[in-house]
Amino acid sequence: MLELILRRQSDRKYSDTPIEKEKLERIVEAGRLSPSACNGQPWKFIVVNDRELIKSVADAATFKLTGMNSFAGQAAAIVVIVRENPNFSSKLGGAVKSKDYSFYDIGIATENICLQATAEGIGSCILGWFDEKLVKSLLQIPGSKRIALIVTLGYSLSENRAKRRKDKEAVISYNKY
Ligand SMILES: Cc1cc2nc3c(=O)[nH]c(=O)nc-3n(C[C@H](O)[C@H](O)[C@H](O)COP(=O)(O)O)c2cc1C
């Protein structure tokens with residue numbers, strides 16, 4: 001598992017090879033099977049594999065001033081993760097504990113999607129920066145919904161990089177803060 005975690009990285013350069021249908025299905029299946037608070041499954045995964053639509057979603061995710069996320073246009077597929085209403089128990093628990101568990105759930109599902117992509121030899125990148133209103137209109141998502149995250153997918157042209165992370169001492173402790 002750690003090997004897979006080390007291999008997963010934000011890939012921002014893709015070849016134009018399409019992703020096989022079975023691979024794409026297994027990648028979103030990893031999202032669907034994810035754990036969630038009270039098993040509420042507060043998500044919908046929209047797979048975008050239409051070339052024109054990929055270009056439009058990528059354009060909506062690109063920060064024109066810097067070109068950030070313009071690489072998304074090279075993706076062979078994009079998964080748009082929509083937040084659905086959590087079930088009653090998750091909502092109640094969340095209200096009592098002042099936590100909207102649905103976004104935690106979606107974070108977990110997103111990483112499962114990325115890890116399955118890695119296992120399939122497919123590169124991925126999570127996008128949190130995009131024009132939500134525009135993506136909603138492109139994909140006919142009701143205005144009342146939130147798009148939590150977007151994942152770009154494609155055969156990566158990037159080498160595996162060493163991870164840049166805080167030191168263990170800074171983020172891990174035992175038996176006290
Ligand atoms: C919630 C979230 C939002 C992110 N948004 C973007 C984004 O909009 N564009 C981008 O290029 N990378 C984005 N990333 C990728 C991070 O920059 C990346 O995960 C981090 O720098 C660690 O690098 P690694 O994924 O290669 O290990 C996002 C990651 C997460 C978890």
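The values are calculated or read from the model by the stated rules, or taken from the named source; none is laboratory data. It should be emphasised that the depicted structure is a prediction, and the values quoted were computed from it without experimental measurement. Using ideal geometry, Cβ is built from the backbone for each residue, glycine included, and neighbour counts are taken over all protein chains shown. When the accessible area is computed, the model is the full protein with side chains, heavy atoms only, and any ligands, DNA or RNA have been set aside. Shrake-Rupley method; radii C 1.70, N 1.55, O 1.52, S 1.80 Å.
If I filter the range 133-153 for residues that are small (Gly, Ala, Ser) and open to solvent by less than 50 Å² (accessible area, probe 1.4 Å), do I get at least one hit?
Yes; the residues of the range 133-153 include at least one that is small (Gly, Ala, Ser) and open to solvent by less than 50 Å² (accessible area, probe 1.4 Å).
Does the range 40-48 include one or more residues that are open to solvent by less than 30 Å² (accessible area, probe 1.4 Å) and more than 18 Å from Ser102 (Cα to Cα)?
Scanning the range 40-48, I find at least one residue that is open to solvent by less than 30 Å² (accessible area, probe 1.4 Å) and more than 18 Å from Ser102 (Cα to Cα), so the answer is yes.
Could you look through the range 97-112, keep only residues that are hydrophobic (A, V, I, L, M, F, W, C) and touching a strand residue (DSSP E or B) at 6+ places or on another chain (Cβ under 7 Å), and pick out the one that is most open to solvent (accessible area, probe 1.4 Å)?
Phe103
One residue is enough: does the range 79-96 have a residue meeting the conditions of a type in the set (Val, Ile, Thr), free of Cβ contacts under 8 Å to residues at least 60 places away in the same chain and open to solvent by less than 30 Å² (accessible area, probe 1.4 Å)?
No, the range 79-96 has no match at all.
Give me the pairs, please: first residue somewhere in the range 162-177 and closer than 25 Å to Leu4 by Cβ and within 16 Å of the ligand (Cβ to nearest atom), second residue anywhere and open to solvent by less than 100 Å² (accessible area, probe 1.4 Å) and not in a loop (DSSP other than H, G, I, E, B), beta-carbon distance under 9 Å, and either six or more positions apart or on two chains.
Pairs found: Ala162/Leu6; Lys163/Ile5; Lys163/Leu6; Arg165/Val171.
Please report, ordered by residue number, the strands (runs of 3 or more DSSP E) entirely within the range 77-156 with at least 2 residues that are under 9 Å from the mean Cα position of the chain (by Cα) and within 12 Å of the ligand (Cβ to nearest atom).
Hits in the range 77-156: 123-127, 146-154.
If you scan the range 47-76, which residues turn out to be in a loop (DSSP other than H, G, I, E, B) and of a type in the set (A, V, I, L, M)?
The answer is Leu65, Ala75, Ala76.
Just name the residue that is surrounded by the fewest Cβ atoms within 10 Å (Cβ to Cβ) out of those in the range 59-69 that are small (Gly, Ala, Ser) and more than 10 Å from the ligand (Cβ to nearest atom).
Gly67
Of all residues in the range 5-46, how many are within 16 Å of the ligand (Cβ to nearest atom), among the acidic types (Asp, Glu) and outside any loop (DSSP other than H, G, I, E, B)?
0
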